[in-house]
Amino acid sequence: MSPTPHIAVLGSANMDLVAYVAEAPRRGETVTGREFRTAPGGKGANQAVAAARAGATVTLIGAVGTDAHGSTIRSGLEHSGVDTDLLRTVETPTGTAHIVVDDEGGNAIVVIPGANGTVTALGPGDEGLIASADALLLQLEVPLEGVIAAARAARRHGVRTVLTPAPAQPLPSELLAAIDLLLPNEHEAAALTGIADDPRAAAGALLSQVPEVVITLGSRGSLYAARGTEPITVPAQQVAAVDTTGAGDTFAGTLAVALAEGNSPPDALRWATSAAALAVQRPGASSSMPYRKEIDRAAGQPGAAS
């Protein structure tokens, strides 16, 4: 393992179009918002930024369009230290996410995949990049064919693979067979297992398909479970949330870094929890993600996860 971990990410890159409102509109209702922002996002790009700011060397595999959104996303990623050499430019418009954030920090999101829908297979250089990584991060905002191809490549080269199964959908056995750590939130875990309101039982069911599971529980923290061990729960830090958009991606990116650096799962979860707590206190997705020194300071352990 390298002193500075190398994280490969295959996933989406979107432009987030964010409207801030007191209360989200109901069907057929029009409300007046108080603010509008645009910012680079997408679960793949977000996780890449989170991992890079947490101290890893990170490369994003994905696609953007030839439009202004694509150029802005690429520049933003590079500014955060993410290598974009394998971020393809295609003729399809860049993906967008239309987000409504209410005054309690909750959000509702509509994603238009755009260029992300072209990521159906690995391109030149992708497998070599994955083979050189300490971990591969995956999500489901690009086609399953591309996700499966990347997971299989990681398995061939012995690279640890972490999948965030969002948006929630049935996961084919060929994908699950190549996943080391499954990282759903409690709603995704319920959708995958049919078990609601019992994260421990859901985790147990998922362990029949993958070796390790982390279920994020929002303000209640996270649950870690692995085959042959007792599940552990790490509580969340209690903070005043401003915007929860990107909190799960912050958690995923920083968790991957901590695990790749050899930290125990409980320590890695605590460090990732500190990062997510910082992110929800700021507006935006990738723009809210903390840097390494901030995470260490918030965790109360200077040099933690290093």
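Here Val90 meets each of (1) surrounded by fewer than 21 Cβ atoms within 10 Å (Cβ to Cβ); (2) touching a residue at least 24 places away in the same chain (Cβ under 8 Å); (3) closer than 24 Å to Pro283 by Cα with one exception, condition (3). Looking across the range 116-145, just one residue is buried (at least 24 other Cβ atoms within 10 Å of the Cβ), out of contact with any helix residue (DSSP H, G or I) (no Cβ under 7 Å at 6 or more places or on another chain) and either part of a loop (DSSP other than H, G, I, E, B) or of a type in the set (A, V, I, L, M) (or both), and that is Ala133.
Based on what the data block shows, is Ser208 loosely packed, with under 14 Cβ neighbours inside 10 Å, small (Gly, Ala, Ser) and part of a helix (DSSP H, G or I)? Considered against the rule, which asks whether it is loosely packed, with under 14 Cβ neighbours inside 10 Å, small (Gly, Ala, Ser) and part of a helix (DSSP H, G or I), Ser208 comes out as no.
Restricting attention to the range 168-200, the residues that are among the hydrophobic types (A, V, I, L, M, F, W, C), over 23 Å from Ile148 (Cα atoms) and surrounded by 14 or more Cβ atoms within 10 Å (Cβ to Cβ) add up to 1.
Take Gly262 and tell me if it is without any contact (Cβ under 8 Å) to a residue 12 or more places away in the chain, of a type outside the set (S, T, N, Q) and on the phi > 0 side of the Ramachandran plot. Here the answer is no, as Gly262 does not meet what is asked. Counting the residues of the range 27-73 that are part of a helix (DSSP H, G or I) and without any contact (Cβ under 8 Å) to a residue 24 or more places away in the chain gives 2. Only one of the listed residues (Leu223, Leu255) is in a helix (DSSP H, G or I), touching a residue at least 24 places away in the same chain (Cβ under 8 Å) and under 19 Å from the mean Cα position of the chain (by Cα). That residue is Leu255.
Each value in this text was obtained by applying a stated rule to the coordinates, not by laboratory testing. The structure presented is a predicted model; accordingly, all values stated were derived computationally and were not measured. Here the Cβ is made from the backbone with ideal geometry for all residues, glycine too, and neighbour counts use every protein chain on show.
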